[in-house]
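These notes are about the structure you will find just below.
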Amino acid sequence: MACIVKGAAGRGRARTALGVAACVAAALLTATPAAASAAAPAPACRSGQLAAGGAERVGANAVMVTVVNEGPGPCVLRGHPTVAVAGQGAPSRARSLTVVRQGPARPVQLEVGAAAQTRIGFVPVLGEADGYCASGAEPFAAPSMVIGVAGSGLQLAPDDGGNFALCGNAVRATAFRPAS
């Protein structure tokens with residue numbers, strides 16, 4: 001890259017100094033490969049690139065699900081997850097759930113090792129061991145949940161070792177956002 005700065009004396013000296021500074025900055029930006037790669041957008045996260053980092057209970061009717069980018073490079077995660085509850089060893093007992101999307105989805109840039117989260121809310125089962133649903137629906141309990149993200153299903157269990165117990169066939173899910 002070539003820069004030509006005209007003028008060298010008197011009042012033009014301030015303009016010349018600014019011109020030289022701008023020329024040097026432009027030369028550094030174009031000569032530094034890292035600057036060019038930092039501006040390039042990361043590709044979308046792919047199946048196998050993300051791992052389940054946990055399902056932390058948040059009150060009686062929600063879990064915070066964390067996914068971690070295990071690499072090999074940075075990626076962008078978009079949107080809301082799909083959700084199903086596992087069938088306690090019997091595929092016929094697995095249940096896909098309707099996801100009611102909460103809030104806008106924005107791209108989340110994930111460097112290798114970085115995490116993103118979504119909050120999954122559900123209508124809880126009321127009562128004790130033989131719980132009931134206020135709506136009259138049949139309660140359902142499962143030891144694990146499958147979160148659909150980036151073209152793969154990540155199976156996870158609640159962090160407290162219990163079951164996911166819910167009423168109905170719908171959950172509320174926030175869009176993924178950077179983990180706090």
*For the stretch 95-140, how many residues are open to solvent by less than 60 Å² (accessible area, probe 1.4 Å) and either in contact (Cβ under 8 Å) with a residue 40 or more places away in the chain or β-branched (Val, Ile, Thr) (or both)?*
18
*asked:* Would you confirm whether or not the stretch 146-156 contains a residue that is open to solvent by less than 20 Å² (accessible area, probe 1.4 Å) and farther than 30 Å from PRO41 by Cβ?
replied: no
*What number goes with the only condition from (1) surrounded by 13 or more Cβ atoms within 10 Å (Cβ to Cβ); (2) in contact with a Ser or Thr (Cβ under 8 Å, 6 or more places away or on another chain); (3) not in a loop (DSSP other than H, G, I, E, B) that HIS80 does not pass?*
(3)
*Of the numbered conditions (1) open to solvent by 40 Å² or more (accessible area, probe 1.4 Å); (2) within 23 Å of ARG172 (Cβ to Cβ); (3) at pLDDT below 85, LEU29 fails exactly one; give the number of that condition.*
(2)
*asked:* Taking the criterion of being among the aliphatic types (A, V, I, L, M), out of contact with any Pro (no Cβ under 9 Å at 6 or more places or on another chain) and assigned to a strand (DSSP E or B), would at least one residue in the stretch 101-120 satisfy it?
replied: no
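The values are calculated or read from the model by the stated rules, or taken from the named source; none is laboratory data. Just so it is clear, the model here is predicted, and its values are computed rather than measured. Please note: Cβ atoms are built from the backbone with ideal geometry, for glycine as well, and neighbour counts cover all protein chains shown. Only protein heavy atoms, including side chains, enter the accessible area calculation; ligands, DNA and RNA are left aside. Shrake-Rupley method; radii C 1.70, N 1.55, O 1.52, S 1.80 Å.
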